[in-house]
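The values are calculated or read from the model by the stated rules, or taken from the named source; none is laboratory data. In this text the structure is predicted, and so the values were computed from the model without any measurement. Cβ coordinates were reconstructed from backbone atoms using ideal geometry, including for glycine residues, and neighbour counts include every protein chain displayed. Accessible surface areas use protein heavy atoms only, side chains included; no ligands, DNA or RNA. Shrake-Rupley method; radii C 1.70, N 1.55, O 1.52, S 1.80 Å.
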Amino acid sequence: MIYLFDSHRKQKCPFKPLKAPDVLIYVCGPTVYDYSHLGHARSAITFDLLSRMLTLSGYRVHLVKNFTDIDDKIIAKALQKNTDIQTLTEFFIQAYLQDMQALGVQRAKLEPKASAHLDNIVQMVQGLLDKGFAYQTPNGDVYLDTSLDKAYGSLSGHSLELESVSRIEDNPEKKHPQDFALWKAYKGKGDMGYPSALGKGRPGWHIECSAMIEASGAYTDTPYQIDIHGGGSDLFFPHHENEASQTRCAFAQELAQFWVHNGFVNISGEKMSKSLGNSFYIKDALRTYDGEVLRNYLLGVHYSAILNFSPEDLASQKKRLDKLYRLKKRALELAPAPSVANATFTHALLESMQDDLNISKALSVLEEHLHLSNEKLDNTANKVDKKHGASQILADLLFVESLLGLGGKEPSVYFQLGVDSALKEYINTQIALRQEAKKAKDFARADEIRQALSQRGIALMDTPKGTIWEKII
């Protein structure tokens, strides 16, 4: 049985797909006007883990993640950079995809862009106007009349009287403070607009997701359009509240059966944000840490909890990854290929993740398995049995890779991470000089070279296949 915490019901509930074995998931992706930060990374890894868990549980996952490429911030950035919006957004979409690849995040099945779904958006807005749920102001803007949606506010539980849902200053032409823009009329120079039946303009922030969900294969014959809608906690209100409202009004369906939200990332004890100047870009983090090391750290805290980013914690958690690769290296030296995984282990690991992605329990199961696997190899004297055990270990680690996205590198590559090409060339030169010294029986010189490399964080190991090296600091 799979359990997920539903943000709407505010409790962990059994998950049963609307139309098994298919699972429809829509995740709010980035607004592409800048490089992606650790908050984007955490969200992407959360729903990557969810997708992997559901797939290994026997479901066909249809994951959709959008790109918001029409937005006030995008317009402002394009004007600042003196470039066109398409060039700007395409650049940052590609940068995002490169970052996600480095983090081991699998691509979504569909990656719709708002700019490619203008017809769907206009059609949905027109439908809301025709049904009387929306109204057009004298300046051409179109708003949803939230007073006509009796369920408005039920998703997040926010008080309508006390809170405004507008991303910008309230428009005096709105009927109610909580009404939100579906279509923004073109305002002239410095704005952007597309010709449409609604007049020249562009979509509001919220409508694009509802329109793209409907266009991406949403169910039309069930009470809910999709199984799971996800995103960061900051999107719960007003974004997801407004999505739910406009979908309910337009299609007489609830948007999602489950709402799943990942927690914030804090830097130096403060919520990460560009306004606070503590936004840690993924590209900057990747200059210091390998993508898999960063992934290992970001998935180490339950997705719903706040993650307090700390380089010290990151280094500490890397030791778990080191243990995994140390075991993988040992197994590869004994067996050429994986056999069949240990069913008890794989069941325990998957069952942990089926409990609302209980990563703490899953990592505990993994840690124990790494220890027991090493112990088993230590205590197995028979070469045939040892080879069989090593083959099973390799199969176990393949399952870990498929579920958690960890352990996919060759150990020789992993243990040389963080060494640039110049240092690699220097190390190889020193290894060659050490070999010459050993041939000349100048063992003092050979030890001197080993010690000098050790002081630079490089360990040498002499094997039947020659000398290999690893980064130890």
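Miscellaneous remarks
- Any pair with Cβ under 8 angstrom, 6 or more apart, that starts in the stretch 192-217 at a residue that is within 18 Å of residue 23 (Cα to Cα) and ends at one that is basic (Lys, Arg) and part of a loop (DSSP other than H, G, I, E, B): none
- Among the residues of the stretch 46-63, those identified as charged (D, E, K, R) and within 22 Å of residue 296 (Cβ to Cβ) are 48, 52.
- Restricting attention to the stretch 206-249, the residues being open to solvent by 10 Å² or more (accessible area, probe 1.4 Å), assigned to a helix (DSSP H, G or I), closer than 22 Å to residue 144 by Cα and among the small types (Gly, Ala, Ser) number 1.
- Among the residues of the stretch 333-380, the ones that are more than 30 Å from the chain's Cα centre (by Cα) and among the hydrophobic types (A, V, I, L, M, F, W, C) come to 5 in all.
- Restricting the stretch 1-21 to residues that are within 21 Å of the chain's Cα centre (by Cα) and in a strand (DSSP E or B), the residue that is farthest from residue 211 (Cα to Cα): 3
- Selection within the stretch 416-434 - surrounded by fewer than 15 Cβ atoms within 10 Å (Cβ to Cβ) and of a type in the set (S, T, N, Q): 421, 428, 429
- Answer from 413, 400 - the residue that is closer than 30 Å to residue 47 by Cα and open to solvent by 20 Å² or more (accessible area, probe 1.4 Å): 413
- All of 457, 418, 407, 466 fail the test of being without any contact (Cβ under 8 Å) to a residue 60 or more places away in the chain and either of a type in the set (Lys, Arg) or within 30 Å of residue 45 (Cβ to Cβ) (or both), apart from 457.
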